[in-house]
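J.: After the structure tokens below, expect a handful of questions from me.
The values are calculated or read from the model by the stated rules, or taken from the named source; none is laboratory data. Since we're looking at a predicted model, the values are computed, not measured. Ideal geometry is used to build each Cβ from the backbone, glycine not excepted, and the neighbour counts take in all protein chains shown. Note: accessible area is taken over every heavy atom of the protein model, side chains too, but ligands, DNA and RNA are not part of it. Shrake-Rupley method; radii C 1.70, N 1.55, O 1.52, S 1.80 Å.
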Amino acid sequence: MTAKKKSKKDEHVITLSGKEYITHIGLLDLAHNAGMQGMDGQFITELCRPEDHVYVYRARVWDNEGREFIAHGHAGPGNLNRKMVSFAAVMAETRAWNRAVRSMVNH
């Protein structure tokens, strides 16, 4: 029996707790294919508490039709496992990007 060749889509899908999720790289691939023209973002400093490892990030993406998609990501000890708390800023940013891109590609 030969192994089934993975499709491009399958390369960017992981299974967590029995559910399939597209990876960050997979979302970016979808966004580029859907005509994403740019992205920018920033931390919402008045909501961030670095001393407590709590961060909020605002991401904005836009497509070739000029439509904008904005989303926020939050990360801190309350929604991260202990090993990831020191990476809370990166997690907040990634969550915001993923949400904004999901909105753009309707995923």
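J.: Among what's in the range 62-88 and is among the small types (Gly, Ala, Ser) and open to solvent by 30 Å² or more (accessible area, probe 1.4 Å), pick the residue that is farthest from the chain's Cα centre (by Cα).
T.: Applying the filter and picking the extreme gives GLY66.
J.: Shifting gears a bit: Does ALA59 count as within 17 Å of ALA96 (Cβ to Cβ), surrounded by 18 or more Cβ atoms within 10 Å (Cβ to Cβ) and either modelled with pLDDT of 95 or more or charged (D, E, K, R) (or both)?
T.: Considered against the rule, which asks whether it is within 17 Å of ALA96 (Cβ to Cβ), surrounded by 18 or more Cβ atoms within 10 Å (Cβ to Cβ) and either modelled with pLDDT of 95 or more or charged (D, E, K, R) (or both), ALA59 comes out as yes.
J.: Search the range 34-43 for residues being under 22 Å from HIS74 (Cβ atoms) and of a type outside the set (A, V, I, L, M), and hand back the single one that is surrounded by the fewest Cβ atoms within 10 Å (Cβ to Cβ).
T.: Only one residue fits best here, namely ASP40.
J.: Quick check on GLU68: is it among the charged types (D, E, K, R), without any contact (Cβ under 8 Å) to a residue 12 or more places away in the chain, closer than 30 Å to GLU11 by Cβ and in contact with a strand residue (DSSP E or B) (Cβ under 8 Å, 6 or more places away or on another chain)?
T.: Criteria met by GLU68.
J.: When the range 15-33 is examined, which residues are found to be open to solvent by 50 Å² or more (accessible area, probe 1.4 Å) and either of a type in the set (Val, Ile, Thr) or closer than 17 Å to ARG60 by Cα (or both)?
T.: THR15, HIS24, ILE25, LEU30, HIS32
J.: Kindly establish whether ASN98 is surrounded by fewer than 16 Cβ atoms within 10 Å (Cβ to Cβ) and either in contact with a helix residue (DSSP H, G or I) (Cβ under 9 Å, 6 or more places away or on another chain) or β-branched (Val, Ile, Thr) (or both).
T.: no
J.: Do we have ARG99 as touching an Asp or Glu at 6+ places or on another chain (Cβ under 6 Å) and either within 18 Å of ILE25 (Cβ to Cβ) or of a type in the set (D, E, K, R) (or both) here?
T.: In short, no.
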